[in-house]
């Protein structure tokens, strides 16, 4: 495998990725549309051009953290909520922290509520300390801490989930590795996989004061990483196990000697405009959807599926698992934009979602293309071996002399429909005869060889 044709070249662990050396699919970074959805335009208006693609893709976790008690139906008719886990991968010192300030503006209200709950609980603790042991203690303060610091321990994380009241927890960290403490022995990889589907998560403790319980894992994050650290984090089979495809990847392309980047002022006018969008997200309840979004997503999926058919076999193998989750992420972004803009939907939104899908796939292949291909080829080879073994097991389950009808019955008992069972039986017999595993006898019988 010539990796130079599959991943972007780098001159070192912290080098800015160059472009592909051939015309492989998703090789070239897609250009951010000139016209953006108004909320995205507002939130990216204070940073320089080089930072806007990364920021535009990174905004959705803090935005979606404002939504609760809602769901939408995905293309498979299953209900989902909008979940975003995002990492910005770029060389050290290039300015990854520049996306922090607009994100900080988005979560200001969530942090204020979190801090208020923290203060109330601290006052409660101080009050309890001053009471005699026999005195009746006041009730512990209630409230949701949605913004979690990176030094949150795993038991505290579970405790926050149990008291989240259907809301999403959110974390922003400067390094992916800092999430390890929060995710505990389960590991970041497993927690990411569970969080993407809001699956049940919790713990059981024997001690009287231990945190016990299980709740939907509603958690999102923004993280950043150098190229070397990202490769270390994702280089443990994270795409084969599905965690890598669930995390959005962004990057910043900027010349090292471009000078000090300048950021605009986040003034009261900015905050006033932003608050309109956030309030709509906070008020979103029940089932959310629009036939225009569903039709657009079906068109986007069909268009992308046709496009990847032109990819090389190795690239097609790599893209298949990435696309399955990329479509979900894209539709979740569409739902957030739809709600934030007062149920508005038009071509500007469609162009942005199309760009977002292609940008995420481009960044993933940019940094991990060779790794994804290796991991997925190994997965498919293993699956093929299992399938081959299964076919051999079927033959071993047959009597030394058997009929096609008996083989059809075997497949029906295994869960196949009659027509499918007949097709499989015909295929089995054909393959076994070619391989010399069976010979054909009289009156429609087949005899095992050896």
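Listed values, structure above:
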{"item": "Among the residues listed as 299, 279, the single one being at pLDDT 95 or above, assigned by TED's automatic domain parsing to the domain that holds residue 56, under 30 Å from residue 98 (Cβ atoms) and surrounded by 12 or more Cβ atoms within 10 Å (Cβ to Cβ)", "result": "279"}
{"item": "Among the residues listed as 330, 311, the single one being surrounded by 14 or more Cβ atoms within 10 Å (Cβ to Cβ) and either without any contact (Cβ under 8 Å) to a residue 12 or more places away in the chain or in a helix (DSSP H, G or I) (or both)", "result": "330"}
{"item": "Qualifying residue in the range 134-143 (condition: in the same structural domain as residue 270 (by TED's automatic domain parsing), crowded, with 17+ Cβ neighbours inside 10 Å, at pLDDT below 90 and on the phi > 0 side of the Ramachandran plot)", "result": "no"}
{"item": "Residue match in the range 232-248 (condition: in a loop (DSSP other than H, G, I, E, B), in the same structural domain as residue 355 (by TED's automatic domain parsing) and touching a strand residue (DSSP E or B) at 6+ places or on another chain (Cβ under 9 Å))", "result": "yes"}
{"item": "Enumerated helices (runs of 4 or more DSSP H) restricted to the range 55-166, each holding at least 2 residues that are touching a residue at least 60 places away in the same chain (Cβ under 8 Å) and either more than 29 Å from residue 342 (Cα to Cα) or in contact with a strand residue (DSSP E or B) (Cβ under 8 Å, 6 or more places away or on another chain) (or both)", "result": "60-64, 100-106"}
{"item": "Residue match in the range 108-120 (condition: within 23 Å of residue 80 (Cβ to Cβ), surrounded by 18 or more Cβ atoms within 10 Å (Cβ to Cβ) and under 24 Å from the mean Cα position of the chain (by Cα))", "result": "yes"}
{"item": "Test: residue in the range 280-289 that is out of contact with any helix residue (DSSP H, G or I) (no Cβ under 6 Å at 6 or more places or on another chain), assigned to a helix (DSSP H, G or I), in contact (Cβ under 8 Å) with a residue 12 or more places away in the chain and within 24 Å of residue 85 (Cβ to Cβ)", "result": "yes"}
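Residues checked against (1) at pLDDT below 85; (2) more than 16 Å from residue 393 (Cβ to Cβ); (3) touching a strand residue (DSSP E or B) at 6+ places or on another chain (Cβ under 9 Å):
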{"site": "405", "(1), (2), (3)": "no, yes, no"}
{"site": "417", "(1), (2), (3)": "yes, yes, no"}
{"site": "426", "(1), (2), (3)": "no, yes, no"}
{"site": "429", "(1), (2), (3)": "no, no, yes"}
{"site": "438", "(1), (2), (3)": "no, no, yes"}
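Yes/no matrix, rows are residues, columns are (1) surrounded by 14 or more Cβ atoms within 10 Å (Cβ to Cβ); (2) farther than 24 Å from residue 369 by Cβ:
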| position | (1), (2) |
| --- | --- |
| 306 | no, no |
| 315 | yes, no |
| 318 | yes, no |
| 321 | yes, no |
| 336 | yes, yes |
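The values are calculated or read from the model by the stated rules, or taken from the named source; none is laboratory data. Model, not experiment: these values are computed from the prediction. No Cβ is skipped: glycine too gets one built from the backbone with ideal geometry, and neighbour counts run over all protein chains shown.
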